[in-house]
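The values are calculated or read from the model by the stated rules, or taken from the named source; none is laboratory data. Every value quoted in this text rests on a predicted model; they were computed, and no experiment measured them. As a convention, Cβ positions derive from the backbone with ideal geometry for all residues, glycine included, and neighbour counts pool all protein chains shown. Heavy atoms of the whole protein, side chains included, go into the accessibility calculation; ligands, DNA and RNA do not. Shrake-Rupley method; radii C 1.70, N 1.55, O 1.52, S 1.80 Å.
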Amino acid sequence: MPHRRPRLAALLTALACAAAARVQAQAPDGSLASFEKVAQPILEDYCYNCHGDGNRKDGVDLDAFTSDSSVRNRALWMRVVRNVRVGIMPPAGEPRPDAEEEKTLMTWIKLRAFSLDPEHPDPGRVTLRRLNRIEYRNTVRDLTGVDFDTLKEFPADDTGQGFDDIADVLTVSPILLERYLDAAQTVIAEAVPTESRVEAAEVIAGRSFAPVAAALPAAAAAPAAAPAGPGPKAPVFARPAPMPSGRSLDLSYYTPVTVATDFRADHAGRYEVDVKLMAVEKYVDDQFDLNRCRLTFIIDGKAAVSQEFVRESDKDFDFTFTRDWAKGAHALAFRVDPLGPDKPQLRNLRLRVENVTVKGPDAREYWVPPANYARFFPRKVPYFGFERRRYAAELLDSFATRAYRRPVDTQTLGRLVDMATATSAQPGSTFEAGIAQAMVAVLASPRFVFREEPPEPLEAGQVYPMIDEYALATRLSYFLWSTMPDDELMALASRHELRRNLQAQVTRMLADPKSAQFVDNFTGQWLEARDIGTVQINPFAIYLREHPSETAEKALETFQRVNEIPEAQRTARDKADFRSARKAFFALYRLPKAQLTDPLRDAMREETEMDFNYVVRSDRSLLELIDCNYTFLNEVLARHYGIPGVTGKQMRRVILPPGSPRGGILTQGTTLTVTSNPTRTSPVKRGVFILDAILGAKPPPPPPNLPPLEDAAPPGKLRLMTLRENLKLHAKNPSCAACHLRMDPLGLALENFNAMGAWRDTEYNRPIDTAGRLITGEKFANIQELKHLLATKRHRDFYYCFTEKLMTYALGRTLDYYDVDTVDRLVGALEASGGRPSVLLRGIVESAAFQERRPPPREEMASDVAVPATAEN
């Protein structure tokens, strides 16, 4: 081992002045001399064999500095910080600096190479940040009550560092600008009434219809214009009907039933009855259901419509009728009659009664205020013009302040009121229509779509100004709720009391149901849990890897051989072989096998979300996310995992059997499935996931034109190889070997879990070997030992990684060199607390990066009070 020099005291003495005042990078400051005195001796002992004395491994040269500015190569020193921090450098087996030497080097890097001032941390560069699709949807819902489907209506947001709330990638394309204008009009048209009174309407949910025991009168069998269908047959489907489905009601094709309810008319008059139905089924591969039924909708004992239904593949149906009704109760009913002859009941065919809407009476004296009227117009509209204008200002001031997340300025409010007044003055228009038009302008404004963050005035002793309290309320609410600040946050900000009550507000917000958005959105991106709903998996290919079949292999060879022959040249023998192979193949295809069904996908995602939620809300150690003796299951997921004793649809916390490989995010179905290929596991993807999401040491992207893993050996030989052997052959390429040494052992440790997250002991009838060795030298035999290693010896790696991921999500920007000291402090506090998430959450919210900003340029400060074009026009 090289001689160790006591350097920390010398460093602290040499850099005492730098710690007291900010180091100015552009001035001669002795950085080169400081490097030669403090950092270079450590690097000589441990790094120069590869990165000095003429060696430039991986393009890194640590002894080529010739000036103060060259020493301050921040990109280079960030690589040093990350590699030393996670133990990659020096390599395993080589001498390593002790704790004092590592601290000395890291302190020098922060104070000299990065020119950081611990007393006045740089809050970093902030890009004007627009609302992403989820934030826009939640904000619109809280502001107007409309659930606008941004996932359908807006193009997908770009991502940075795995997150879709990064300001630098949230660009605004011309098509998105157009969609914002359309969205503003659509949302306000649905939310804000433009009339003070409308025809009364009552929506009767499908589940309000209940089965009736007695048969309806014969007159209800069919309308006069349509002959009655065949009589009912005995029920053969072994399931009670009807079945509630949310607020709707499912009626089976196979079971005769009548369901009914009453509507009470308060006044005599003409009414409109609108019926919404949907034909639904359970999809079954290559199985078709030929059953039919007749649905009759009955009003006051008489059939309004009687229609035959076959399998309709989720088709919507809408029927509208008008009736002159007397005051009092009127009966509404649905009757289902199965139509013979009996057919195999394969797809669970159903008619879903969504709702029945009754409007009326149509006489204007019975009209009522619209359902949403009081929300937007809490007082009666004044008669006189000046009072109307004052009321318009009151309404628009409240709405725009909430939409802009800060008080609206007088000039903008005046223009909004002018717009409302001009619109309402048009022929046929109303006061309400004018307000609605001004609200469209608010939602189309940059002030709504983008998050303004003006600074407070700079106080004595401050280097960076605080963001104002409205901006702080906005940062806090979008971090923990993914939506706009509520009334309490806005009230505290208006009184300049939010910072004084910040920790109490964090506690309140985490206890609020809206914090489920933080759990869903952070885990959905950090752990890729949101991708489980769309990931493509081929259960048959996975089944064949665990149940190899000579029949299937021969059938596939026959398919390939015959497909290469032009159809006109195929012999009778070729055609017969093809038919036989097809028959054999599909016989195997229809064998019972695990399927990645929608309920299973949903349970997998809920397991990940509930696990994270449990650790955060119970303030348990974050290390339990890596290794613990529990998980969250329902019957579907427990059966998939092979865990007995769990019944029912409800997800709940389950203590795992001793020695179980489950427990922790690495062995959950979401992680295992989204890091697989459609036909097999992917040790590379799984290894990269662990390096990126758990250890914070994501490898560089693969070189271009890299051949796929399957090309490492001929197909015949490939079927005889394990994935471990295949990877070893693939990684012989020198340009691939370095990264595969880091990725493959981690991914191969998870090989006992197939591409759908189910346990297996063999692949192609060969036992699976999960033993491996971390790049830092620690060995493990299986996933249990790997998880234990990550949660003990490598726990600081996880603390650093998780802290950086959460900070990136909270700040909406990529972390950089100026964040290194903040991250170090947060990780230190996290470790001292035993990994409690509350310490980290509060530390991030209290940090300079969250509470402050760099002074904005003059032009940006001027634009902070500019009137948006939509309001001016």
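Over the chain, what is the mean sequence separation of C-alpha contacts under 8 Å (at least six apart), divided by residue count, expressed as relative contact order in percent?
Once normalised by length, the contact order is 13 percent.
What longest region of the chain stays clear of GluC sites (Glu not before Pro) that DSSP places outside H, G, I, E and B and that have at most 14 other Cβ atoms within 10 Å?
565-873
Among Ile775, Thr507, Ala541, whose Cα lies farthest out toward the positive end of the dipole of the chain, if unit charges sit on the beta carbon of Lys, Arg (+1) and Asp, Glu (-1)?
It is Ala541.
In debye, nearest 20, what is the charge dipole magnitude of the chain about its Cα centre with +1 on Lys and Arg Cβ and -1 on Asp and Glu Cβ, if you could check?
Roughly 2020 debye for the chain.
Which percent of the accessible area of the chain is formed by carbon and sulfur heavy atoms (probe 1.4 angstrom)?
Carbon with sulfur: 53 percent of the solvent-accessible area.
Would you kindly state how much longer the chain becomes between Ala771 and Asp158 on full extension, computed as 0.36 nm times their sequence separation minus their alpha carbon distance, in nm to one decimal?
Full-extension gain reported as 216.9 nm.
Is there a quick way to get the dipole size of the stretch 529-627? I mean about its Cα centre, with the Cβ of Lys and Arg at +1 and of Asp and Glu at -1; what is the value in debye to the nearest 20?
The dipole magnitude comes to about 820 debye.
Any idea of the accessible area per residue across the chain, 1.4 Å probe, to the nearest Å²?
Solvent-accessible surface per residue comes out at 47 Å².
Of Lys103/Lys698; Lys276/Lys359; Lys152/Lys685, which ones are farther than 19 Å apart at the Cα?
From the list (Lys103/Lys698; Lys276/Lys359; Lys152/Lys685), the Cα-Cα distance tops 19 Å for Lys103/Lys698; Lys152/Lys685.
Given Val449, Thr571, Ala329, which one lies farthest toward the positive end of the charge dipole of the chain, if we put +1 on the Cβ of every Lys and Arg and -1 on the Cβ of every Asp and Glu?
Of Val449, Thr571, Ala329, it is Thr571.
What size of dipole, in debye to the nearest 20, comes out for the stretch 521-568 about its Cα centre when the only charges are +1 on Lys and Arg C-beta atoms and -1 on Asp and Glu C-beta atoms?
Taking the Cα centre of the stretch 521-568 as origin, the dipole is about 140 debye.
What is the calculated FRET efficiency for Gln426 to Lys649, with r their C-beta to C-beta distance and R₀ = 51 Å, to the nearest 0.05?
After rounding, the FRET efficiency stands at 0.40.
Mind ranking 415-427, 636-648 by how tightly packed they are, going by the mean number of other C-beta atoms within 10 angstrom, highest first?
Sorting 415-427, 636-648 by mean packing, highest first, produces 415-427, 636-648.
Calculate, for Gln536 and Lys593, the FRET efficiency according to 1/(1 + (r/R0)^6) with r their C-beta to C-beta distance and R0 25 Å; round to the nearest 0.05.
Computed FRET efficiency for Gln536 and Lys593 comes out at 0.90.
Taking the Cα centroid of the stretch 272-325 and of the stretch 369-402, what is the distance between the two, rounded to the nearest whole Å?
Value for the Cα centre distance between the two parts: 43 Å.
Does the chain classify as rounded, prolate or oblate by the C-alpha gyration tensor (a ≥ b ≥ c root eigenvalues; a/c under 1.5 gives rounded; else a/b over b/c gives prolate, otherwise oblate)?
oblate
Sequence neighbours fewer than 8 away in the same chain don't count; with that in mind, list the aspartates and glutamates whose C-alpha is under 18 Å from Lys57.
Straight-distance partners of Lys57: Glu44, Asp45, Glu94.
Going highest first, how would you order 649-656, 401-408, 471-478 by mean Cβ packing within 10 Å?
Most protected by this proxy first, the peptides run 471-478, 401-408, 649-656.
Which length gain, in nm to one decimal place, applies between Lys380 and Arg573 when the Cα-Cα distance is subtracted from 0.36 nm times their residue separation?
So the chain would gain 60.9 nm between Lys380 and Arg573.
Go through Phe431, Thr808, Pro701 and say which Cα lies farthest out towards the positive end of the charge dipole of the chain; charges sit on Cβ, +1 for Lys and Arg, -1 for Asp and Glu.
Of the listed residues, the answer is Pro701.
Just to be sure I understand the model, the point goes 7 Å from the Cα along the line to the Cβ. What's the resulting Arg364 to Ala260 distance in nm?
In this crude label model, Arg364 to Ala260 measures out at 3.8 nm.
Subtract the Cα-Cα distance of Val203 and Phe319 from 0.36 nm times their separation in residues, and report this length gain in nm to one decimal.
40.3 nm
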